[in-house]
Amino acid sequence: MKTVILNQRKERDELLSRPYLVRRTAHDISTMLGSHLIKLITGPRRVGKSTQALLMLRDKNFAYLNFDSQSLLEAWDANQVMRMLDDVYPGYEYILLDEVQNLDAWDLWVSGLYRTGKNLVITGSNAKMLSSEMATVLTGKYLQVEMLPFSLEEFFDWNKLDLHNLQKEQQTDAVALMDDYLRNGGYPEVVASRLLTRNYLDTLFDSIIWKDVVKRHNVRNTTDLNNLALYLVSNVCAQVSANDLAVELGLSSVNTVKKFMDYLHEPYLFYYLPRYDNKLKLMKKAPRKVYVVDNGFVAAKAFALSDNLGHLLENQVFVELTRRGYDTEKSLFYYRSRNNKEVDFVLRDGPRIKRLVQVCYDMGNPKTEKREVDSLIECSVELKCNNLSIVTNNEERIIEKDGCTIDVVPFSKF
């Protein structure tokens, strides 16, 4: 066991020696570290959770355990591990537990460490397991930071440009970068090597399904699971229901589809946006819209002959709203009016509808503009909300119609 922990110390020190982009966050890191509460960093695989944790602790004396290591899991003995940490990291102030969900009964062990006064930073890649188990065993004992692939701002930071302070001579590069981000997404490992993006994300997509779904849930029918995942990534922004998917894909049962859809959400791969309705029962019955955590997965895996830029922009807006803390359970929805007009995003703050957001890549065609504007206005009347926006690729103006003011903004200023 000591050899395993010594090897992990070398791994930690090598990781700390690398240069990293400091991620933008709304959280005050020093305040978080000063708290006795558990610091929980969640998000999909390979978005930089471990890096964020290492950067938080870079100037601290901290112990490190990486639970993506089979050798650690196979030799696991909790009491021996704690003795070895004292030997390998004398006087440590914090313990970083990386991908802790791989350890059986991890929540009970972590709860025990917390009770003995250990200051813990935890990373994990499974939404349901982390949220449900943290909620049951560790209620009120943790602070959560959710991480996603690079935002557009961070993508510009990486490319040494300030998105909100572009010089005239940088405009051409900025337009190219925005298009690159729209099509290829913001996974940190490939923003610097775009020739590898599709191959890398193809492999990562399969790895998430295998490690976080098939192995975790002992899925035997991997063919149906893969077919469902490929269908969803090929139909991003479409409305889906378990009944329709079972028929479309010839899957064995509606319950199997529901179960697989939940499994695919757990590792933060797919999200399902409910239709807003004041009646909860009707909201539960309505089809949901499907989104994927990064546009690069669409480029890597979708069955499409050409890019659907409108869907890519809508997916990008969804991910950005998720990054800002909107939640598909409480505060983020889509809406369809009585006349079947649709608005892409309804943003709610408690019981109040805060904002309606429509997404349209290009409103250069007058018919397109009329369709998007009329849908937005009709929905705004029904929902009694006058804070209206249309997010576009690069247009910026104000539209006044039927007593409504609509703010048209490019995604870069959204």
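Structural remarks
- Filtered residues of region 212-229 (kept if assigned to a helix (DSSP H, G or I) and either more than 17 Å from F297 (Cα to Cα) or of a type in the set (A, V, I, L, M) (or both)): V213, V214, K215, R216, H217, T222, T223, D224, L225, L228, A229
- Test: residue in region 6-14 that is under 30 Å from G140 (Cβ atoms) and of a type in the set (A, V, I, L, M): no
- Per the listing S30, S50, the residue uniquely free of Cβ contacts under 8 Å to residues at least 12 places away in the same chain and either part of a strand (DSSP E or B) or of a type in the set (S, T, Y) (or both) is S30.
- The residue list V247, V233 contains one member that is out of contact with any Asp or Glu (no Cβ under 6 Å at 6 or more places or on another chain), of a type in the set (V, I, T), crowded, with 17+ Cβ neighbours inside 10 Å and under 30 Å from K341 (Cβ atoms), which is V233.
- Helices (runs of 4 or more DSSP H) wholly inside region 230-289 containing at least 3 residues that are closer than 24 Å to Q316 by Cα: 254-265
- Residues within region 151-163 that are in contact (Cβ under 8 Å) with a residue 60 or more places away in the chain, of a type outside the set (A, V, I, L, M) and under 16 Å from F411 (Cβ atoms), tallied: 3
- Odd one out for F345 among (1) assigned to a loop (DSSP other than H, G, I, E, B); (2) modelled with pLDDT of 95 or more; (3) closer than 26 Å to D402 by Cβ: (1)
Results for (1) in the same structural domain as F414 (by TED's automatic domain parsing); (2) touching a strand residue (DSSP E or B) at 6+ places or on another chain (Cβ under 9 Å), shown as yes or no for each residue.
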position	(1), (2)
D307	no, no
G310	no, yes
N315	no, yes
R324	no, no
R336	yes, yes
F345	yes, yes
K354	yes, yes
V359	yes, yes
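- Any hit, region 293-309, residues being part of a strand (DSSP E or B) and either among the polar types (S, T, N, Q) or closer than 22 Å to T223 by Cβ (or both): no
- Boolean, V88 is at pLDDT 95 or above, out of contact with any Ser or Thr (no Cβ under 6 Å at 6 or more places or on another chain), farther than 21 Å from S111 by Cα and crowded, with 17+ Cβ neighbours inside 10 Å: no
- Within the option set L356, L309, being in contact (Cβ under 8 Å) with a residue 24 or more places away in the chain, surrounded by fewer than 16 Cβ atoms within 10 Å (Cβ to Cβ) and either in contact with a Pro (Cβ under 8 Å, 6 or more places away or on another chain) or not β-branched (V, I, T) (or both) holds for one residue only, L309.
- Some residue of region 372-384 being surrounded by fewer than 17 Cβ atoms within 10 Å (Cβ to Cβ), of a type in the set (S, T, N, Q) and within 28 Å of K279 (Cβ to Cβ): no
- So V293, is it farther than 28 Å from K370 by Cα, at pLDDT 95 or above and under 13 Å from the mean Cα position of the chain (by Cα): yes
- Verdict on L113 being surrounded by fewer than 19 Cβ atoms within 10 Å (Cβ to Cβ) and modelled with pLDDT of 95 or more: yes
- Qualifying position, being within 18 Å of the chain's Cα centre (by Cα) and either exposed (fewer than 15 other Cβ atoms within 10 Å of the Cβ) or not assigned by TED's automatic domain parsing to the domain that holds S412 (or both), among V257, V190: V190
- Restricting region 388-407 to residues that are without any contact (Cβ under 8 Å) to a residue 24 or more places away in the chain and of a type in the set (V, I, T) leaves a set whose member that is surrounded by the fewest Cβ atoms within 10 Å (Cβ to Cβ) is I398.
- Selected residue [exposed (fewer than 13 other Cβ atoms within 10 Å of the Cβ), within 19 Å of A238 (Cβ to Cβ) and free of Cβ contacts under 8 Å to residues at least 40 places away in the same chain] from N365, N340: N340
- Residue satisfying all of: in region 143-159; of a type in the set (A, V, I, L, M, F, W, C) and touching a strand residue (DSSP E or B) at 6+ places or on another chain (Cβ under 9 Å); farthest from N126 (Cα to Cα) among these: L143
- Apart from one condition, D212 fits all of (1) within 28 Å of D344 (Cβ to Cβ); (2) surrounded by 15 or more Cβ atoms within 10 Å (Cβ to Cβ); (3) not polar (S, T, N, Q); the exception is (1).
The values are calculated or read from the model by the stated rules, or taken from the named source; none is laboratory data. Source: prediction; values computed, not measured. Cβ sites come from the backbone with ideal geometry, for glycine too, and all protein chains shown count toward neighbours.
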